[in-house]
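One structure below.
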Protein chains: 2
Amino acid sequence: MKKPAQFIGQPESLSTRVADHLSREIRSGRIAPASRLPTEHDLANDLGVSRNVVREALSQLRADGLVYVRQGAGTFALPPEESKVIRLDPLSLGEASDLGQLFELRAILETEAAGLAATRIGPQGLEVLRLALERMRGPERKRDDSVAADLEFHREISRASGNAYILTFTTYVAGQIKDTIYLARRSQPIDIVVDETVSEHEAIFTALKDGDEVLARQVMRRHILRSGVRAGAELPDHLNGETK
Amino acid sequence: MKKPAQFIGQPESLSTRVADHLSREIRSGRIAPASRLPTEHDLANDLGVSRNVVREALSQLRADGLVYVRQGAGTFALPPEESKVIRLDPLSLGEASDLGQLFELRAILETEAAGLAATRIGPQGLEVLRLALERMRGPERKRDDSVAADLEFHREISRASGNAYILTFTTYVAGQIKDTIYLARRSQPIDIVVDETVSEHEAIFTALKDGDEVLARQVMRRHILRSGVRAGAELPDHLNGETK
DNA sequence: ATTTGTTTATTTGTAGGACAAATTGATTAA
DNA sequence: TTAATCAATTTGTCCTACAAATAAACAAAT
């Protein structure tokens, strides 16, 4: 059974390409909000595809809140800033400055999550963290398992914050960064990266165990920023002093 | 020309309902990650719709990263926590406790945005804020325009943070809350709500103008939490003391 | 016995036709 | 002028057909 990771070079389906095209047209403003799109029939003709393909593409845009459709009347663009979803472009994350901004956001969210978790995490939560820590420093420091344990550690802290939305947002941001992490670890000696990461996680664990809210915030923020540097991100200027 | 706001009671399209159904099945784990979904033909038969409808639904799930499809092999579920998008359920926001958690998240993000903006906002940014403020306290304090100016005020501050992701996330959260705001303002005397909101915004504006980072954080956090209370949200316990 | 190649059935991808349902604008009637 | 009706347009759904990719079974060769 193949894994979905092997999607490289695979040409995307027609409907996906049409959806991406129209999505860009709307987000860029070339198709103004409230203006009517060409009819499905015309779009199909112009793009050289069948109406089925166009409808599958519009189905995606409708789900994203980029268009609304009225039977008999047509399809109309909506203002992109009122979109129903957040959808980060994985391509733009290739740029180091973008990655730095994303780590800044992650630092904000997870620092707060750690602070909240310090006063709320219970024995079960601490046990989950301890197990994740074991998996990271255990003999099998294979890349895959190591990264998975890393994510689980952070996810459990966000869960302990008691705020479901913080959990949702931090999980999403961490997941978007994940792929980049793999690349970063490949360019550096794996042992050093893992050692640093583990020791920083241990500091976070200790702070949470002791219920030290201020310390938990401090070490979490430092950990996120340093992991950003390890991932090759260019942090915003005002953060440069915080990773020493 | 009708506005998209009039979507109440309008039965959703078949493809949307099928997509929602399958999305819940996957998010709840009833369809396990990596497991194969029924064939499009079977799904169409089971649900009593055409294969076209099923394909439009799967098109949405694929865009969200909930499934991946391999021609000739089938459609397979993916772990929901690795979804490509954040999509908040507007229904669950009806509950006051959920709304409180969302305001807590908003407070975290916008507090930080205000702190960053204090050291970075320029004359143009301040002018945008001033105009938005004018629109809020002007003679036309109609609900619509007032709320729009409110959102623009906050959006400009996030923009001034210099971090595109902070802007994306705060805009999204504020937009999700917006509809709820309308309801809240209807249940209270509009003048009182507007007066409080305007004065709080003025405090934020002054702090930003003076470049006072600490004060900007403080007044922004207080403003978000108080607006949450005005919207009828039940804030988490630990925030109760901060709205006085 | 293992590998390699071939065939066959299954499944998704795309195209196109057909008609229903809703909207819009023009025309007609009161 | 207003209301009612009609016709054209557009989206919603269903259907058939075939191409493309996959996977499993089978046969053949080493």
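The values are calculated or read from the model by the stated rules, or taken from the named source; none is laboratory data. Please read all numbers here as calculations on a predicted model, not as lab measurements. Counting neighbours? That spans all protein chains shown, and the Cβs are built from the backbone with ideal geometry, glycine included.
Residues that are modelled with pLDDT under 75, among the aliphatic types (A, V, I, L, M) and either part of a helix (DSSP H, G or I) or over 20 Å from B:ARG106 (Cβ atoms) (or both): does segment B:169-182 have at least one? Yes: one or more hits. Only one entry of B:ARG36, B:ARG55, B:ARG30 meets the criterion of being touching a Phe, Trp or Tyr at 6+ places or on another chain (Cβ under 6 Å) and over 30 Å from B:LEU167 (Cβ atoms), and that entry is B:ARG36. Considering segment B:37-50 alone, what residues qualify as being assigned to a loop (DSSP other than H, G, I, E, B), within 11 Å of DNA strand D (Cβ to nearest atom) and not polar (S, T, N, Q)? Residues satisfying the conditions are B:GLY48, B:VAL49. Cβ-Cβ contacts under 6 Å between residues 6 or more apart (or on different chains), taken from a first residue in segment A:99-122 that is within 7 Å of another protein chain (Cβ to nearest Cβ) and in contact (Cβ under 8 Å) with a residue 24 or more places away in the chain to a second residue that is surrounded by fewer than 22 Cβ atoms within 10 Å (Cβ to Cβ) and not in a helix (DSSP H, G or I), are listed as A:GLU104/A:PRO236.
Restricting segment A:147-163 to residues that are of a type in the set (Gly, Ala, Ser) and part of a helix (DSSP H, G or I) leaves a set whose member that is modelled with the lowest pLDDT is A:ALA148.
Per-residue answers, yes or no, for (1) more than 9 Å from chain B (Cβ to nearest Cβ); (2) under 19 Å from B:GLN60 (Cβ atoms); (3) in contact (Cβ under 8 Å) with a residue 12 or more places away in the chain:
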| site | (1), (2), (3) |
| --- | --- |
| A:VAL49 | yes, yes, yes |
| A:GLU56 | no, yes, yes |
| A:GLN60 | no, yes, yes |
| A:GLY72 | yes, no, no |
| A:PRO79 | yes, no, yes |
| A:GLU82 | no, yes, yes |
| A:ARG87 | no, yes, yes |
| A:GLU95 | yes, no, no |
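The residue of segment A:51-103 that is nearest to B:THR168 (Cα to Cα), among those that are among the charged types (D, E, K, R) and within 16 Å of DNA strand D (Cβ to nearest atom), is A:ASP64. Of the residues making up segment B:193-202, not a single one is within 14 Å of another protein chain (Cβ to nearest Cβ) and of a type in the set (D, E, K, R). Scanning segment A:70-100 for residues that are part of a loop (DSSP other than H, G, I, E, B), surrounded by 15 or more Cβ atoms within 10 Å (Cβ to Cβ) and among the hydrophobic types (A, V, I, L, M, F, W, C), we see that the one that is nearest to DNA strand C (Cβ to nearest atom) is A:LEU78.
None of B:ILE108, B:ILE121 is away from DNA strand C (no atom under 16 Å from the Cβ), outside any helix (DSSP H, G or I) and at pLDDT 95 or above except B:ILE121. Report yes if some residue within segment A:61-69 is surrounded by 20 or more Cβ atoms within 10 Å (Cβ to Cβ), more than 16 Å from DNA strand C (Cβ to nearest atom) and more than 18 Å from B:SER13 (Cβ to Cβ); otherwise report no. No, that holds for no residue.
Counting residues in segment B:135-146 that are hydrophobic (A, V, I, L, M, F, W, C), away from chain A (no Cβ under 14 Å) and in a helix (DSSP H, G or I) gives one or more.
Selection within segment A:22-34: residues that are touching a residue at least 12 places away in the same chain (Cβ under 8 Å) and within 16 Å of A:ARG62 (Cβ to Cβ). The member of this set that is farthest from DNA strand D (Cβ to nearest atom) is A:ARG27.
Among the residues making up segment B:8-29, those that are within 13 Å of chain A (Cβ to nearest Cβ) and assigned to a helix (DSSP H, G or I) are B:LEU14, B:SER15, B:THR16, B:ARG17, B:VAL18, B:ALA19, B:ASP20, B:LEU22, B:SER23, B:ARG27. Considering segment B:230-244 alone, what residues qualify as being touching a Phe, Trp or Tyr at 6+ places or on another chain (Cβ under 9 Å) and away from chain A (no Cβ under 14 Å)? Answer for segment B:230-244, where residues must be touching a Phe, Trp or Tyr at 6+ places or on another chain (Cβ under 9 Å) and away from chain A (no Cβ under 14 Å): just B:ALA231. Taking the criterion of being modelled with pLDDT under 50 and of a type in the set (S, T, N, Q), the only residue of segment B:1-31 that qualifies is B:GLN6.
Return yes when B:ALA32 is within 15 Å of DNA strand C (Cβ to nearest atom), of a type in the set (A, V, I, L, M), over 30 Å from B:HIS223 (Cβ atoms) and more than 10 Å from chain A (Cβ to nearest Cβ) and no when it is not. First the steps, then the outcome.
Values: within 15 Å of DNA strand C (Cβ to nearest atom): no; of a type in the set (A, V, I, L, M): yes; over 30 Å from B:HIS223 (Cβ atoms): yes; more than 10 Å from chain A (Cβ to nearest Cβ): yes.
Here the answer is no, as B:ALA32 does not meet what is asked.
Here is a check on your reading of the model: is B:ILE224 at pLDDT 95 or above, within 22 Å of A:ALA117 (Cα to Cα) and crowded, with 17+ Cβ neighbours inside 10 Å? Considered against the rule, which asks whether it is at pLDDT 95 or above, within 22 Å of A:ALA117 (Cα to Cα) and crowded, with 17+ Cβ neighbours inside 10 Å, B:ILE224 comes out as yes.
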